[in-house]
Amino acid sequence: MPRIDVHNHFLPAIDDGCRTFEDSLTCVRTMMAHGYDRFFLTPHMGAKEFGTLTPALLRRAVARFRRRMAQEGVSAVFRAGGELRLSPRILEWNDRSAVPTYGGNTSYCLVDLWEPDWPPWADAAMAWLQERGLTVILAHPERMKCLQDDPGFIEVLARRGILFQGNFGPLGGSESDAIRLLAERFLRDGRYFLLGSDCHRPEHLPTRLAGLQRALELVGSATLETLTTTNAAQLWV
Ligand SMILES: [Fe+2]
């Protein structure tokens, strides 16, 4: 079954991902050669350093991207996603319309958090999202310092209904050995609901593809299919 990439920065010149459309083409074509035929485009959102990209602006950018990919003869399918930076500002929003969801039509949202610890406002922000009917998927927990210090904290988060998306990068050696080992542990323990590339640009491709291969070695093809196809298909509706 073809795979769905649930996390990447292939939309060009919009965040710290691909700089040009040619970079995007290289990334998409390489991923397609490794079994992917659907892509959620998930630029950073809600993070001060990346401006004020809204779900409406993202929809238009994805539509343009789709047209250009079709002109290049790319058969893959693209949908909007978004990687929402968790911050206290979320608590000031009036409603969930500013929250990017997978496909723009589901109740699943991808969030990241870059604090060294788990701040009290993170609980409030998670609750704010969940109280509005959203299922929160926390991106790359293996990269979070609070979980590196205390891997057992992931159980506390899981009990709150939070799902987890692991990155192929750490599994493929893009970061420290400690982060790789934590990613392997979470993968073996069945903590991940999804695995994604979080690929930003062509230079990232080798470690992401090595991570895909490593995941296959660690958990086998059936589990890998669950994490890259079956579960991802719940978001692709
Ligand atoms: Fe990302």
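The values are calculated or read from the model by the stated rules, or taken from the named source; none is laboratory data. Every value quoted in this text rests on a predicted model; they were computed, and no experiment measured them. A quick note on method: Cβ atoms are made from the backbone with ideal geometry, for glycine too, and the neighbour counts reach across all protein chains shown.
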Residue that is farthest from the chain's Cα centre (by Cα) [pool: residues in segment 139-179 that are buried (at least 22 other Cβ atoms within 10 Å of the Cβ) and either small (G, A, S) or modelled with pLDDT under 95 (or both)]: G172
Segment 180-189, subset more than 17 Å from the chain's Cα centre (by Cα) and of a type in the set (A, V, I, L, M), residue surrounded by the fewest Cβ atoms within 10 Å (Cβ to Cβ): L181
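Conditions (1) within 21 Å of Y108 (Cβ to Cβ); (2) part of a helix (DSSP H, G or I), marked per residue:
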| position | (1), (2) |
| --- | --- |
| E142 | yes, yes |
| I154 | yes, yes |
| P170 | no, yes |
| E184 | no, yes |
| Y192 | yes, no |
| E203 | no, yes |
| V219 | no, yes |
| T229 | yes, yes |
Only one of L134, L110, L138 that is away from the ligand (no atom under 16 Å from the Cβ), of a type outside the set (F, W, Y) and either on the phi > 0 side of the Ramachandran plot or touching a residue at least 12 places away in the same chain (Cβ under 8 Å) (or both): L134
Segment 9-20 - residue that is touching a residue at least 24 places away in the same chain (Cβ under 8 Å) and surrounded by fewer than 17 Cβ atoms within 10 Å (Cβ to Cβ) and, of those, nearest to the ligand (Cβ to nearest atom): D16
Top-ranked residue of segment 190-227 - restricted to ones that are under 21 Å from D112 (Cβ atoms) and of a type in the set (D, E, K, R), ranked as surrounded by the fewest Cβ atoms within 10 Å (Cβ to Cβ): E203
Residue within segment 1-8 that is within 16 Å of the ligand (Cβ to nearest atom) and more than 25 Å from L147 (Cα to Cα) present: yes
Pair list, Cβ < 7 Å and 6+ apart or interchain, from segment 198-218 residues that are at positive phi to residues that are in a helix (DSSP H, G or I) and within 16 Å of the ligand (Cβ to nearest atom): D198/G169
